[in-house]
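The values are calculated or read from the model by the stated rules, or taken from the named source; none is laboratory data. What you see is a predicted model, and the numbers here were worked out from it, not measured in a lab. Note that we place each Cβ from the backbone using ideal geometry, even for glycine, and neighbour counts take in every protein chain shown. Surface areas here come from the heavy atoms of the whole protein model, side chains and all, with no ligands, DNA or RNA. Shrake-Rupley method; radii C 1.70, N 1.55, O 1.52, S 1.80 Å.
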Amino acid sequence: MTRRGLREYTFFLLFQKDFYPPEELEAQIELYFSLPDNENLSKEEKEEIKARAVSAAKKAEEFDQKIDAVAEGWKSNRMGRVDLTILRLALFELLYDEEVPQGVAINEAVELAKKFGGDDSPAFVNGILAKFAQPQGG
């Protein structure tokens with residue numbers, strides 16, 4: 001499976017975070033993987049997706065604080081759940097996943113916003129994430 005595919009599955013799992021109590025996260029993940037549409041995932045893919053989703057979910061409060069600090073006129077608790085989940089996943093990749101280059105993390109977040117968000121989501125996500133981008137040395 002492609003990195004983009006794994007990222008989408010991670011997005012779906014992370015999206016569920018705000019709809020269930022934290023102690024139900026593991027059970028919700030197992031339920032998600034038991035759905036017929038997810039039978040094609042290998043054990044290794046499921047483990048990687050789960051690890052990324054759980055790690056990002058545990059850091060959601062940290063990410064929300066960072067988003068609140070840069071989102072002019074917006075607070076994370078008033079953002080659409082899709083946009084917020086995309087931002088959380090992108091911040092996880094930017095701050096904690098050394099295998100994903102900064103530009104890729106931002107671009108992939110914008111692509112998720114195009115696919116799953118509203119008309120203004122790609123620009124909104126890009127605008128927030130641009131504030132976290134580190135200048136590339138030269």
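The table below gives the values:
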{"quantity": "Whole-number D in µm²/s for the stretch 67-130 (Stokes-Einstein; Kirkwood sum over Cα pairs; 20 °C, 1.002 mPa s)", "calculated": "185"}
{"quantity": "Once exposed loop GluC sites (Glu not before Pro) are cut out (DSSP; at most 12 other Cβ, 10 Å), longest piece of the chain", "calculated": "100-138"}
{"quantity": "Two-decimal Rg/Rh across the stretch 21-69, once Rg and the Kirkwood Rh are taken from alpha-carbon atoms", "calculated": "1.09"}
{"quantity": "Distance between the stretch 119-134 and the stretch 3-65 - C-alpha centres, whole angstrom", "calculated": "23"}
{"quantity": "Apportionment of accessible area to carbon and sulfur, the chain, percent (1.4 Å)", "calculated": "51"}
{"quantity": "Helical mean residue ellipticity (222 nm; -39500 (n - 2.57) per DSSP H run of 4+; nearest 500) of the chain", "calculated": "-21000 deg cm²/dmol"}
{"quantity": "Principal axes of the chain: Cα extent on each, largest first, Å", "calculated": "41, 35, 27"}
{"quantity": "Distance in nm between pseudo-label sites at residue 43 and residue 70 (7 Å out along the Cβ direction from Cα)", "calculated": "3.9"}
